[in-house]
Amino acid sequence: MYNFDVEKPTSIADAVAALGREEAQPMSGGQTLIPTLKARLAMPSVLVSLRGIDEMQGICTDDQGRLCIGGGTLHAVVAKEAAAQYPALAGLAARIGDPAVRNRGTIGGSVANNDPSACYPSAVLASGATVVTNAREIAADDFFEGMFATALEEGEIVTEVKFPIPEKAHYEKFIQPASRFPLVAVFVAKFGDGVRVAVTGASEDGVFRWTDAEAALSSNFDAGAIEGLTVDGSGMISDLHGSGDYRAHLVGVMTKRAVAALS
Amino acid sequence: MPKDGGIGASSKRREDVRFLTGEGNYTDDINLNGQAYVFFLRSDIAHGTLNSVDTSAAEAMPGVVKIFTGADFEAVGSIPCGWQVTDKHGEAMQEPRHPVLAHGKVRHVGEPIAAVVAESLGEARDAAEAIEVDISELPAVVDMKEAVKDGAPKVHDDLTSNLCYDWGFVEENKGAVDQAFKDAAHVTTLELVNNRLVANPMEPRVAVGDYARGTGDHTLYTTSQNPHVIRLLMGAFVLGIPEHKLRVVAPDVGGGFGTKIFHYQEEAFCTFAAKACNRPVKWTSSRSEAFMSDAHGRDHVTKIQMALDADNNFTALRTDTYANMGAYLSTFAPSVPTWLHGTLMAGNYKTPLIYVNVKAVFTNTVPVDAYRGAGRPEATYQLERLVDKCAHELGVDPIALRRQNFITEFPYATPVAVEYDTGDYVATMDKLEEISDMAGFNARRAASEAKGKLRGFGVNCYIEACGIAPSNLVGQLGARAGLYESATVRVNATGGLVVMTGSHSHGQGHETAFPQVIAEMIGIPEEMVEIVHGDTANTPMGMGTYGSRSLAVGGSAMVRATEKIIAKAKKIASHLLEASEGDIELKDGAFSVAGTDKSVAWGDVTLAAYVPHNYPLEDIEPGLEETAFYDPANFTYPSGAYACEVELDPETGQVTIERFAAADDFGNIVNPMIVTGQVHGGLAQGIGQALMENCTYDSDGQLLSASYMDYAIPRASDLPFYTVDHSCQTPCTHNPLGVKGCGEAGAIGSPPAVVNAVLDAMRSGGKDVGHIDMPVTPARVWAAMNG
């Protein structure tokens, strides 16, 4: 990696100030960023670590009953502490990477990076969560804008994610055998007023909602309800590990399995 | 009851104490005073004309000691190839120059163009980025069949084409084979790909060059399976350093799997640069560099055909293979698809007529060479897939068809130049049927189907030729070196022994198993024997470890040297006991006079050898140290039968290995635990090839599977608990231990069983696709089932 300065602010305000420096780059766990730096594919002049900010740590419930997870909260903490209130989300966190990754990586980092094969964005989108930043609150439907693209402005920090807790939910993941990221994974969340289905790993546009499935499942929450529904393979990622058509097929299979797990 | 020492005991691996406690001494642990670091600037273009390499800006960068380019190595020899293949017209293979640093052209992604030596690795890397390289990109050739077409871009402009050789074996049999196909009652044809693999030893390659200006002595520390071979190749052919001024040390090495046999440019560079810079120069490969600079394995494209008579007897076999050499000839590359592959095409069967054609092809890819099994997995895979396909086409049981055609009489001279000394293929197949619980398969299949899964059962046999190799034979076949092994056994005054062996242990457990043999021969505890290896300064010239040869060849050399020790010790004992030498017996660590109670302990005899106050000095020299070189009379021929049971998810195409059974005949066994471990490791790599591993280039020669993000190797959870049995033992007839070698069997014998099982599962789901190429990934299975 190239040389850079490191700042470790202890408040959101200080972090925002530090990110105002030229070529500054936030780091919230570094599970993507550090390998990128080691490969010399990025050259920030200053890394601003978001891991020392107490107000971005931990999990609580707000007065609307939402599960509020600080942006700097480790996957391992979510896996443990969200298990009682939101087991599907905790289960997702428990299966990200390996123990080393889960004890360095954070929810804020994952959501802000919006890797098209990351796990968390599917939970955020399927839950209809709200992404809180230092400046504003952004609905999940408005947050994810495509592969590695989000609504975040330069220097804006994900400080918290607020998850409405569904009646029931399930995350079904089919792994890419080398990276063990999702080749296709589907998060199905059933709320009183409908079902939300979010798909990660599959699309060239990153995480997306499968609205046809949502409509079918909202009227009949049964795996059979999406029999015959398909997603178009043409916009799907096609690579060494599977064609777009294969990924499109897996979207259906994973969705059915997620629903079956809840039936 | 299991033995607690000596031959046949599962002695715990003594080397694991240091490996598992972080006390190993690997090449990267070696740091010399004043050491500088090298970073190689590697080509990111697969094929291009190297117009210029401007280092002027880089040389002014902080910490730079010296920067080297291809021009600095013009007077230096080519990285040599250790094997020459003669083609079917009697012509020598085409052999291109292989420069230490690219000169004139770049020919694969990852080829080193320049090398920066600096005070730190970071500074070297910074400076490398300031080197201005001007390359005119040329069209790349990646596909072998395209590469040999007229008008294809040439990897080497000074060669006539991209065809390294067109080998026919046995050329004289070709007419008879073709006639047998015309006369056949049935012909089965199969086209397949043996996928390119990356070896991925846990420890990446490292080289540290050192030069002593006061004496002119060079030392190279390197991650090698065969330091003497590196010393000879690099000293004599590349850098012109005689052996007595060059020491090569391969200390603890963290896995090799073949890819650390070869002499690499980085070794020659560090040795050369240490003198040029007058300070030690160290290179440690990153994992990313390993993917694009370690020799790859396999990469064959094959069409194979079997002719059968009306009674389902195999009457003839012919096979045509394109074998990828990559951009240059790595050390053993030409031998892998020929003499380690064509000679194995008889397999376990008495097929009377066989013809093998191999076209070796240059492409703009990393050189391809031996990887665990080296040629024999490629032979086994095509043959055992073909036999399964024959059985299904004929509607006969695949095991019955195999049994019908088994070789049953030994020795057996195959039509492909080798003579199997022993074997019992019926016994290993019987054992396999027992340990794989074939009888319970239908119930297990029903259980899988009840949960919506398909279940398949696949078997294969294998034979391998290892214990490499008889020097006179391989010399005739094109080897440019002998393949004996050496051992010096030094007995210390108080009775302990040190064995200095030319074999090299990089995971095999020699430090445990070799002492077991000597302990058995003398009747002393294993702890009294120490193994020294990996340093040309203190071991006799030996050829190293590969081809499952260490115990069969290196162990035999050690036995021969120990026999000399015992013979001399008996002379000393006869003097001490005042008895006739012919009456002296060695048992349980003591010499006794037959028929009497007179005896003298091993330690008293060894002490007498070094404190010869009472000693037959008029007849024999003092001291107790002997050397032996052992050159085998034949290859050894381990064999076995493997069974794989898979579950297949028809919705996703995911295949999981549910059971795997291996029944091997390794001849006599010194340490059953180590043998089991070797089989486990080989199976993991064979299953990895069958299900997951795939080294892939795009049509521009860019490596697509260049990291663990895209190159899948199996993890523990991808593998089942194996059932491994090696109780079928037909001892090798020509080495003193009766051993055959077990290091590669698992990787050789497992891929066809996996694919046969997957196809069986697909058939049970109503889909008979005939063949599916490795790796059998979920995407491929799904595509095949829905094609």
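Observations
- Residue list for the stretch B:626-653, filter: farther than 30 Å from B:Pro540 by Cα and surrounded by 21 or more Cβ atoms within 10 Å (Cβ to Cβ): B:Ser639, B:Gly640, B:Ala641, B:Tyr642, B:Ala643, B:Cys644, B:Glu645, B:Val646, B:Glu647, B:Leu648, B:Gly653
- Long-range neighbours under 8 Å by Cβ, at least six apart or interchain, first residue modelled with pLDDT of 95 or more within the stretch B:375-401, second in a helix (DSSP H, G or I) and of a type in the set (Asp, Glu): B:Pro398/B:Asp388; B:Ile399/B:Glu433
- Just one residue in the set B:Val646, B:Val655, B:Val679 is over 21 Å from the mean Cα position of the chain (by Cα), more than 14 Å from every other protein chain (Cβ to nearest Cβ) and aliphatic (A, V, I, L, M); that residue is B:Val646.
- Scanning the stretch A:36-53 for residues that are over 16 Å from B:Gly122 (Cα atoms) and not β-branched (Val, Ile, Thr) yields a total of 7.
- The strands (runs of 3 or more DSSP E) found entirely in the stretch B:254-355 that carry 2 or more residues being touching a Pro at 6+ places or on another chain (Cβ under 8 Å) are B:314-326.
- Selection within the stretch B:528-562 - assigned to a helix (DSSP H, G or I) and out of contact with any helix residue (DSSP H, G or I) (no Cβ under 8 Å at 6 or more places or on another chain): B:Ala552, B:Val553, B:Ser556, B:Ala557, B:Arg560, B:Ala561
- Contact map, the stretch B:702-725: residues that are within 30 Å of B:Ala327 (Cα to Cα) paired with residues that are β-branched (Val, Ile, Thr), Cβ distance under 7 Å, separation 6+ or inter-chain. Pairs shown: B:Gln702/B:Val109; B:Leu703/B:Val109; B:Leu704/B:Thr696; B:Ser705/B:Thr696; B:Tyr711/B:Val198; B:Pro714/B:Ile687.
- Only listed residue being aliphatic (A, V, I, L, M), outside the structural domain of A:Ala93 (by TED's automatic domain parsing) and touching a strand residue (DSSP E or B) at 6+ places or on another chain (Cβ under 6 Å), chosen from A:Met43, A:Met27: A:Met27
- Some residue of the stretch A:68-87 being in contact with a Phe, Trp or Tyr (Cβ under 8 Å, 6 or more places away or on another chain) and over 30 Å from A:Gly20 (Cα atoms): yes
- Selected residue (only one of A:Ser49, A:Ser117, A:Ser110 is hydroxyl-bearing (Ser, Thr, Tyr), farther than 24 Å from A:Gly201 by Cβ and surrounded by 18 or more Cβ atoms within 10 Å (Cβ to Cβ)): A:Ser49
- All of (1) farther than 30 Å from B:Gly555 by Cα; (2) away from chain A (no Cβ under 14 Å); (3) touching a Leu at 6+ places or on another chain (Cβ under 8 Å) hold for B:Gly701 with one exception: (3).
- Test: residue in the stretch B:142-154 that is of a type outside the set (Asp, Glu) and assigned to a strand (DSSP E or B): no
- Of the strands (runs of 3 or more DSSP E) lying entirely inside the stretch A:1-91, those containing at least 3 residues that are touching a residue at least 60 places away in the same chain (Cβ under 8 Å) and more than 14 Å from chain B (Cβ to nearest Cβ) are A:24-27, A:67-70.
- Among the residues making up the stretch B:20-46, those that are over 28 Å from B:His218 (Cα atoms) and out of contact with any Gly (no Cβ under 6 Å at 6 or more places or on another chain) are B:Leu20, B:Thr21, B:Gly22, B:Ser43, B:Asp44, B:Ile45.
- Filtered residues of the stretch B:709-718 (kept if within 22 Å of the chain's Cα centre (by Cα) and surrounded by fewer than 23 Cβ atoms within 10 Å (Cβ to Cβ)): B:Ile713, B:Pro714, B:Arg715
- Number of the exception - A:Ala225 against (1) farther than 16 Å from A:Ala260 by Cα; (2) assigned to a helix (DSSP H, G or I); (3) aliphatic (A, V, I, L, M): (1)
- Residue check, B:Thr656 under 30 Å from B:Gly456 (Cβ atoms), part of a helix (DSSP H, G or I), at pLDDT 95 or above and not hydrophobic (A, V, I, L, M, F, W, C): no
- Only residues that are of a type in the set (A, V, I, L, M), part of a helix (DSSP H, G or I) and within 12 Å of chain B (Cβ to nearest Cβ) were counted across the stretch A:228-263, and they come to 6.
- The listed residue being out of contact with any Asp or Glu (no Cβ under 6 Å at 6 or more places or on another chain) and surrounded by fewer than 24 Cβ atoms within 10 Å (Cβ to Cβ), out of B:Tyr349, B:Tyr322, B:Tyr264: B:Tyr322
- B:Met762 vs. criteria more than 29 Å from B:Leu551 (Cα to Cα) and either within 14 Å of chain A (Cβ to nearest Cβ) or of a type in the set (Asp, Glu) (or both): no
Results for (1) surrounded by fewer than 24 Cβ atoms within 10 Å (Cβ to Cβ); (2) of a type outside the set (S, T, N, Q); (3) over 26 Å from the mean Cα position of the chain (by Cα), shown as yes or no for each residue.
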{"residue": "B:His533", "(1), (2), (3)": "no, yes, no"}
{"residue": "B:Ser548", "(1), (2), (3)": "no, no, no"}
{"residue": "B:Gly554", "(1), (2), (3)": "no, yes, no"}
{"residue": "B:Met558", "(1), (2), (3)": "no, yes, no"}
{"residue": "B:Ile565", "(1), (2), (3)": "yes, yes, yes"}
{"residue": "B:Lys570", "(1), (2), (3)": "yes, yes, yes"}
{"residue": "B:Gly582", "(1), (2), (3)": "yes, yes, yes"}
{"residue": "B:Glu585", "(1), (2), (3)": "yes, yes, yes"}
{"residue": "B:Asp588", "(1), (2), (3)": "yes, yes, yes"}
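- When the stretch B:765-780 is limited to residues that are touching a residue at least 60 places away in the same chain (Cβ under 8 Å), under 33 Å from the mean Cα position of the chain (by Cα) and more than 10 Å from every other protein chain (Cβ to nearest Cβ), the one that is nearest to B:His392 (Cα to Cα) turns out to be B:Gly770.
The values are calculated or read from the model by the stated rules, or taken from the named source; none is laboratory data. These numbers were taken from a predicted model, which means no experiment stands behind them. Positions of Cβ are generated from backbone atoms using ideal geometry, with glycine treated the same way; all protein chains shown enter the neighbour counts.
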